[in-house]
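Q: Pasting in a structure now, in structure tokens, and then I'll have a few things to ask.
The values are calculated or read from the model by the stated rules, or taken from the named source; none is laboratory data. Fair warning: this is a prediction, and the values are worked out from it, not measured in the lab. Here Cβ is always computed from backbone atoms with ideal geometry, including for glycine, and neighbour counts include all displayed protein chains.
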Amino acid sequence: MLLQKEFVHQLKDFGLNSYESKLWAALLSRGAATAGELSDIANVPRSRSYDVLESLEKKGFLIVKIGKPIRYMAVPPEHVVDRVRKRIAEEAEEKVAVISKIEKSSLLEELKALHNSGIETIDPLELSGTLKGRKNIYSRIDFAIKNAQKEVIISTTAEGLKRKSEIFRNSLKKANSKGVKIRIAAPLSDAKDSAAELSEFAELRTTNAEARYFIIDAKQVFFMLAKKTESPSLDAAIWINSPFLAASFKALFDKSWAGLKALSR
């Protein structure tokens with residue numbers, strides 16, 4: 001049985017390596033078989049087959065049948081998916097518990113002190129950088145929003161407003177509940193549903209400028225470098241932590257904001 005490389009690669013999402021993927025697929029095609037038969041079907045060295053099949057058994061992908069020669073029986077894929085889901089959930093809970101423990105420990109304070117001492121030695125001109133990949137960019141912005149004290153300003157496109165409604169809605173809502181003022185400028189007529197959702201805790205006004213940037217507390221600025229990218233991985237931004245520059249851009253935004261039309265109810 002010849003397995004396409006893409007198919008084998010997809011099976012790695014189950015937490016399987018190449019040999020495990022090939023042998024499990026071979027077993028699924030037969031229902032039950034010996035290690036030798038599976039080795040021939042999957043083109044896996046016989047010297048490795050027993051160890052790999054034992055690994056698959058421990059992971060719950062197959063059952064060892066009683067008798068000689070030893071035969072293996074495939075577990076239904078839907079059962080495997082359920083098992084993998086539970087395993088991933090358990091691992092995630094364990095990791096979250098570890099992180100929660102670190103947040104409450106003295107280790108975090110020591111790390112923060114170490115970071116602050118390092119920041120003090122940095123030239124203000126160096127408090128900037130480039131961010132690549134939309135996931136990385138949005139993660140950094142989300143962190144800034146969660147730590148905002150006074151105001152979050154957002155200028156975006158209609159498409160961007162839809163994404164921000166999905167990704168930042170909870171963080172923006174929590175920030176607003178702490179007294180942080182949220183102002184958003186975007187082409188609202190092209191993203192009415194998202195605008196309506198955000199209007200519960202943010203002030204929105206319509207603009208055709210289609211700029212993409214965030215200003216946090218008149219201290220930090222995040223600039224997106226393109227109006228639109230073909231792939232999220234190609235998105236890029238510049239982050240600048242400069243109260244002087246951020247305040248200057250806020251003043252320009254305020255001047256533009258005064259002439260923008262508010263969201264129609």
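Q: Would you point out the residue of the range 211-262, among those that are out of contact with any Lys or Arg (no Cβ under 8 Å at 6 or more places or on another chain) and among the charged types (D, E, K, R), that is nearest to residue 187 (Cα to Cα)?
A: For the range 211-262, the residue satisfying everything is 228.
Q: Within the range 60-75, work out how many residues are closer than 23 Å to residue 13 by Cβ, modelled with pLDDT under 85 and not hydrophobic (A, V, I, L, M, F, W, C).
A: Matching residues across the range 60-75 total 1.
Q: Among residues belonging to the range 66-81 that are surrounded by 14 or more Cβ atoms within 10 Å (Cβ to Cβ) and not small (Gly, Ala, Ser), point out the one that is farthest from the chain's Cα centre (by Cα). Working first, answer last.
A: Step one: of the range 66-81, the residues surrounded by 14 or more Cβ atoms within 10 Å (Cβ to Cβ) are 71-72, 74-75, 80.
Those left that are additionally not small (Gly, Ala, Ser): 71-72, 75, 80.
Numbers: 71: 42, 72: 38, 75: 32, 80: 25 Å.
Applying the filter and picking the extreme gives 71.
Q: Kindly evaluate residue 233 against the criterion of being over 21 Å from residue 263 (Cβ atoms), touching a residue at least 24 places away in the same chain (Cβ under 8 Å) and of a type in the set (S, T, N, Q). Write out each step before concluding.
A: Details: over 21 Å from residue 263 (Cβ atoms): yes; touching a residue at least 24 places away in the same chain (Cβ under 8 Å): yes; of a type in the set (S, T, N, Q): yes.
Against the criterion (over 21 Å from residue 263 (Cβ atoms), touching a residue at least 24 places away in the same chain (Cβ under 8 Å) and of a type in the set (S, T, N, Q)), residue 233 qualifies.
Q: So, one more: Among helices (runs of 4 or more DSSP H) lying entirely in the range 162-263, which contain 1 or more residues that are surrounded by fewer than 16 Cβ atoms within 10 Å (Cβ to Cβ) and under 24 Å from the mean Cα position of the chain (by Cα)? Step through it out loud before you land on a result.
A: Details: elements: 169-177, 192-198, 243-257.
Because the criterion is at least 1 residues that are surrounded by fewer than 16 Cβ atoms within 10 Å (Cβ to Cβ) and under 24 Å from the mean Cα position of the chain (by Cα), the helices (runs of 4 or more DSSP H) in the range 162-263 that meet it are 169-177, 192-198.
Q: Let me ask you something else. When residue 158 is evaluated against the numbered criteria (1) in contact with a strand residue (DSSP E or B) (Cβ under 9 Å, 6 or more places away or on another chain); (2) over 25 Å from residue 259 (Cα atoms); (3) surrounded by fewer than 19 Cβ atoms within 10 Å (Cβ to Cβ), which criterion, by number, is the only one it fails?
A: (2)
Q: With the structure loaded, tell me whether residue 65 is charged (D, E, K, R) and in contact (Cβ under 8 Å) with a residue 40 or more places away in the chain or whether it fails that test. So that I can check it myself, show each step before the final result.
A: Numbers: charged (D, E, K, R): yes; in contact (Cβ under 8 Å) with a residue 40 or more places away in the chain: no.
Answer is no for this residue.
Q: Look through the range 1-47, keep the residues that are modelled with pLDDT under 80 and of a type in the set (Asp, Glu), and return whichever of them is surrounded by the fewest Cβ atoms within 10 Å (Cβ to Cβ).
A: Of everything passing the filter in the range 1-47, 6 is surrounded by the fewest Cβ atoms within 10 Å (Cβ to Cβ).
Q: Pairs please, first residue from the range 133-144 and closer than 10 Å to residue 167 by Cβ, second anywhere and in a helix (DSSP H, G or I), Cβ atoms under 7 Å, 6+ apart in sequence or on different chains.
A: 134/232; 135/232; 138/167; 142/171
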